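This report refers to the structure that appears directly beneath it.
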């Protein structure tokens, strides 16, 4: 089942504990697996570039532990995320999602992207959302061939602070 089919299934569920789709995208990898991303965010006259490396540190039946090294300019900030194998959903959305969030699917399809000389088959989905008066349009490319699943994301936000953000996979190694 693709992450997107799982997400649709989650939308149809009431409050339950379900398999975490993010964990599912790491569960077939071994510790040492990594991904490297570049992010560019433009808002007004400012432009911020960041580079992020995610590395699978530990994998058990209950959780995946992923380290993150965020680099902005000459500053590096390490962190660690524990991704549980299951998660709670309420009304089809993760339990922590604000209740007034509205998401509408605009389209989806398949596309092949080239990442560091490797052809990667992706499934993309495009949504528009309204959360607390901020309207956004997001297109996400996902692939089961990439650790963590994410290949690219482009988000455009309208509201008090308008911005455009592009996150793109630069390289990866699946152990």
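The values are calculated or read from the model by the stated rules, or taken from the named source; none is laboratory data. What you are looking at is a predicted structure, and each value in this text was computed from that prediction instead of being measured. In this analysis, Cβ positions are derived from the backbone assuming ideal geometry, glycine residues included, and neighbour counts consider all displayed protein chains.
Residues that are touching a residue at least 60 places away in the same chain (Cβ under 8 Å) and over 10 Å from residue 147 (Cα atoms) within the range 32-50 comprise 32, 36, 37, 38, 39, 40, 41, 42, 43, 44, listed in sequence order. Count of the range 155-175 residues, restricted to those that are free of Cβ contacts under 8 Å to residues at least 60 places away in the same chain, within 16 Å of the chain's Cα centre (by Cα) and buried (at least 17 other Cβ atoms within 10 Å of the Cβ), is 1.
Residues of the range 70-85 that are more than 17 Å from the chain's Cα centre (by Cα) and on the phi < 0 side of the Ramachandran plot: 71, 72, 74, 75, 76, 77, 78. All of (1) closer than 19 Å to residue 153 by Cα; (2) surrounded by 15 or more Cβ atoms within 10 Å (Cβ to Cβ); (3) at pLDDT 90 or above hold for residue 85 with one exception: (1).
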